[in-house]
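Below is one structure, written out as structure tokens; comments come after it.
The values are calculated or read from the model by the stated rules, or taken from the named source; none is laboratory data. Computed from a predicted structure; not experimentally measured. Cβ placement follows ideal geometry from the backbone for every residue including glycine, while neighbour counts extend to all protein chains displayed. Accessible surface areas use protein heavy atoms only, side chains included; no ligands, DNA or RNA. Shrake-Rupley method; radii C 1.70, N 1.55, O 1.52, S 1.80 Å.
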Amino acid sequence: MSANTQTLSLTDRIGARTVAGLMALVVGSILVFGVGLANSQTLHDAAHDTRHSYGFPCH
Amino acid sequence: MIVRLLLAALAAGLIAGMAMTPAQYVKTIPLIMQAEAYENGEAGHAHDAAEAGAAHEHAEDSMLGFGRFWDTVLANLVAGAGFALMLAAVALIMGVELPAGREAIMRGLLLGAGAWFCVQLAPSLSLPPAVPGFPYADLGDRQSWWMITVAASAVGLWCLVMRPEWVLKVLGLVIIVAPHLWGSPVPEDLASEVPAYIASAYAAASLATTLFFWLLLGGLLGYFLSRVPEEAAA
């Protein structure tokens, strides 16, 4: 199967689970950064109570 | 299969994030609002009008136009989805096996408990969860220390729990303790308008509500991920 093909996709080489994990890591990090850490007044005000409740450094 | 794994994580995150809003409105947000009243000088001793007006206002008016409650609902959904994707990433990249049924939920709960240790308990040991009106050290310093501590706790916990070599277990413990020995940013003046009772109740409430969140998230995540078939096309 894949061992004979000339070009291997990333999924073939490291497995679908690892690819999904890397994608989840990138998207998840962006979301958590936006909610918890981004230095934007709008994001800070909207996520204010969430930031405090989760113990993110705030203010 | 990749899409279904991501959707499974997203579903767990949105459910846990949704459950977090009522939990916060029971335990943490009433304390935040009480603390804000002291911060703005509305409670306790009276400030003059100029000082009260100069006190910075936050979250009084919604920036997204939905009101404070719905802003928090939305922020909790995004936080839930983000934390769920990161926890799923850890499980998938580490190759945690999730056999269908009870075992998947049990392993998910353990993952959630581990995440709670790394994201909530470990940073709180040197940088306690703080209500508005607390004395604060520089925000950038605290955020850097927080991120380093979360990352170090995760790496350390992995070495300690998942690796059989005793050298790595000891190293893991050292990595977990290191940010605390280094020391977190501490404000120069510890005095605060906020009563100590509110502050201590808040620290416990924050740790308790987030424990609820991470256990719910972990259990759901383990269950949902275990339901994705190995040979799924999408």
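For chain B, modelled as a GNM whose springs connect Cα atoms under 10 angstrom apart, the maximal fluctuation among B:113, B:35, B:75 occurs at B:75.
Over all residues in A:36-45, what is the mean tally of Cβ atoms on other chains that come within 10 Å of each residue's Cβ?
4
The phi-based Karplus calculation (6.51 cos²θ - 1.76 cosθ + 1.60; θ = phi - 60°) puts the 3J(HN,Hα) values of segment B:156-173 at x, 5, 4, 4, 5, 9, 9, 9, x, 5, 5, 4, 5, 5, 5, 4, x, 4 Hz, whole numbers, x for Gly and Pro. Chain B and chain A together bury an accessible surface of about 3700 square angstrom, both sides counted, with a 1.4 Å probe and no ligands or nucleic acids included. Classification of chain B by its C-alpha gyration tensor yields an oblate form. The axis ratio a/c (a ≥ b ≥ c) is 1.5 or more, and b/c is at least a/b.
In the context of the full set of protein chains, segment B:102-208 has a per residue accessible area of 54 Å² (1.4 Å probe). Springs join every pair of Cα atoms under 10 Å in this Gaussian network model of chain B, and among B:79, B:88, B:191 the largest mean-square fluctuation is at B:191. Calculated [222 nm] ellipticity per residue, helices only, for the protein assembly as shown: -22500 deg cm²/dmol; basis is -39500 (n - 2.57) per DSSP H run with n ≥ 4, divided by all residues, nearest 500. 3J(HN,Hα) along segment B:143-148, derived from phi through the Karplus expression 6.51 cos²θ - 1.76 cosθ + 1.60 where θ = phi - 60°, amounts to 5, 4, 4, 4, 5, 4 Hz, with x in place of Gly and Pro.
Computed from backbone phi, the HN-Hα couplings of segment B:93-99 come to 6, 6, x, 5, 7, 10, x Hz, rounded to whole numbers (Karplus: 6.51 cos²θ - 1.76 cosθ + 1.60, θ = phi - 60°; Gly and Pro given as x).
Computed over the Cα atoms of the protein assembly as shown, what is the ratio Rg over Rh, Rh following Kirkwood? Reported Rg/Rh (Cα atoms, Kirkwood Rh): 1.03.
Placing R0 at 35 angstrom, the Cβ-Cβ distance between residue B:11 and residue B:137 gives a FRET efficiency of 0.35 after rounding to 0.05.
Mean partner shielding of peptide B:88-100, defined as the number of other chain Cβ atoms within 10 Å of each residue Cβ, is 4.
Here the Gaussian network model covers chain B, with springs between Cα atoms less than 10 Å apart; of B:111, B:216, B:139, B:139 fluctuates the most.
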